[in-house]
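The values are calculated or read from the model by the stated rules, or taken from the named source; none is laboratory data. Fair warning: this is a prediction, and the values are worked out from it, not measured in the lab. A quick note on method: Cβ atoms are made from the backbone with ideal geometry, for glycine too, and the neighbour counts reach across all protein chains shown.
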Amino acid sequence: MSDGKREQWSSRLVFILAATGSAVGLGNIWKFPYITGENGGGAFVLIYLLCIASIGLPIMMAEIMLGRRGREDPVSTMKKLAKESGHSSAWGILGWLGVIAGFLILSYYSVIAGWAMAYVPKMASATFSGLNATQVDTVFSELVSNPMLLIFWHSLFLFLTMTIVAKGVRGGLEKAVTYLMPMLFILLIILIFYAMDTGYFMQGVHYLFNPDFSKISTDGVLSAMGHAFFTLSLGMGAIMVYGSYLPNKTSIAQASIAVAFMDTLVALLAGMIIFPIVFANSLETGAGPGLIFKTLPLAFGNMNYGTLFGTLFFVLLVFAAWTSSISLIEPAVTWVIKTFKISRLKASIITGFLVWLMGLMTVFSFNLASDFTISSVISTTHGEFVILKNATAFDLLDYLTSNIMLPLGGLMIAIYAGWLMKSQYSRAELDISIFWYRLWLFLVRYIAPVMVIVVFLNAMGIIAFIRTVVEA
Ligand code: PFF
């Protein structure tokens, strides 16, 4: 797909599958349930859904549109478009931000995908069969407390990712998503039946969909917004690169709606599977990053054909992570090729090695360096603002990328597409009726930027600080 040649996706469906392959990943099945659990459930889910509809969807349309109009890597695309509309080529910074964000995200994404890989042989050898919650917990703790094991799986996953990236992604990617995504979906449906059988299904659904706003903090709102960007792969140029291969006649609006819908569906299904299991086994909703590695093995270990389904499930989870990780690093690799004028193979090896090194920070934050934490709390007369609490290196990376870099990238995309790009261009690209175009323009001009800025300021305690000053 790359090397500067402007190939195009063979059909709209292929684009939708590839973009869905990027969107659906660990974010949906691993991260969504655990951050929902950490932020008290329903209210978080509601804010997340609101962010998907009012910020995520319009920004996804904007990002695909910029990609298709520029038809280059994110840095060059932004420079080219800025020039076209008579603006500063400093907009190339947006592409830069994306290259760095993708690099940082992959460094920890690969470690977690490594956990999923480690669970494949465990599942296949029926390690969890008949185990209770405490025993499953022990298996997980033994894995993450062993740095050498984590390094092994992290290396393997990254190797697989970089192999595909080195070959150029398109061929393999198209096939992987065409077959594997539907299979993952079918397995999720099977697991829903298991969750129904626990007797706690309604309790899980209630937890997910009954908002209790007393349980959500300003930082929770920031996490919900950051996650909307993360789960849709927005704000860092990944979807822009995919959009750059989109044929001109494809409807960007329809494709975006399809991708956002499928992504949200997978996340909600995962939640409806995990939480009934949590309640049925008196587990902690706020168990953090280990949540699915404790609940799902419990389910598989106690159901008919659990060994088979469990193995298949973790294989598919690894594939879902794989199709996402390729899109995470593609912007960085294309940038390295262009800047240093080296082959795709060399660029992949160098980038891969740097990501691997960076990944060690995450590996050690679960064992050797788990005590190295930082906290950042702002106290005002309107309350305490906890920006980070006992954050390990992994927490810090996750916070910096999901909660700051991606929303910032998204904000810039919205401002560019809504305010600076000539409307004749955006109208021509989007090709939707005037009503929908106006609605889109309203969302990217006002709603998305204002929401991102307010949530930012609020989570950083700045709004409370200003109130304190004004009222003094
Ligand atoms: N959307 C992916 C997930 O939910 O797992 C993660 C991701 C992929 C984020 C690509 C950003 C990105 F550009």
Next on the checklist: Here is a list: 66, 106. Which entry is within 17 Å of residue 317 (Cα to Cα) and under 21 Å from the mean Cα position of the chain (by Cα)?
Outcome noted: 106
Checklist outcome for this item: The residue from 86, 102 that alone is of a type outside the set (Val, Ile, Thr) and either touching a Gly at 6+ places or on another chain (Cβ under 7 Å) or crowded, with 24+ Cβ neighbours inside 10 Å (or both) is 102
Next on the checklist: Return the pair list, or none, for Cβ contacts closer than 7 Å from residues in the range 226-242 that are closer than 15 Å to residue 24 by Cβ and without any contact (Cβ under 8 Å) to a residue 12 or more places away in the chain to residues that are among the acidic types (Asp, Glu) and within 6 Å of the ligand (Cβ to nearest atom), at least 6 apart or on different chains.
Outcome noted: none
Checklist entry - Within the range 335-356, is there a residue that is within 16 Å of the ligand (Cβ to nearest atom) and over 28 Å from residue 118 (Cα atoms)? => result yes
Checklist entry - Conditions: (1) within 22 Å of residue 134 (Cα to Cα); (2) not in a helix (DSSP H, G or I). Residue 245 meets all but one. Number of the miss? => result (1)
Checklist entry - Does the range 352-374 include one or more residues that are under 23 Å from residue 225 (Cβ atoms) and at pLDDT below 90? => result yes
Checklist entry - Can you tell which of 309, 314 is within 16 Å of residue 183 (Cα to Cα), more than 16 Å from the ligand (Cβ to nearest atom) and among the aromatic types (Phe, Trp, Tyr)? => result 309
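This table checks each residue for (1) of a type outside the set (A, V, I, L, M); (2) at pLDDT 90 or above; (3) surrounded by 24 or more Cβ atoms within 10 Å (Cβ to Cβ); (4) more than 9 Å from the ligand (Cβ to nearest atom).
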position	(1), (2), (3), (4)
235	yes, yes, yes, no
239	no, yes, yes, no
247	yes, no, no, yes
250	yes, no, no, yes
264	yes, yes, no, yes
Item to check | Test result for residue 167, under 16 Å from residue 328 (Cα atoms) and charged (D, E, K, R) | outcome: yes
Next on the checklist: Within the range 214-233, take every residue that is assigned to a loop (DSSP other than H, G, I, E, B) and not aliphatic (A, V, I, L, M) and give me the one that is farthest from the ligand (Cβ to nearest atom).
Outcome noted: 217
Next on the checklist: Regarding the range 116-128, can at least one residue be identified that is at pLDDT 90 or above, closer than 17 Å to residue 156 by Cα and within 14 Å of the ligand (Cβ to nearest atom)?
Outcome noted: yes
Checklist entry - Which number in (1) at pLDDT below 85; (2) crowded, with 21+ Cβ neighbours inside 10 Å marks the one condition that residue 180 misses? => result (2)
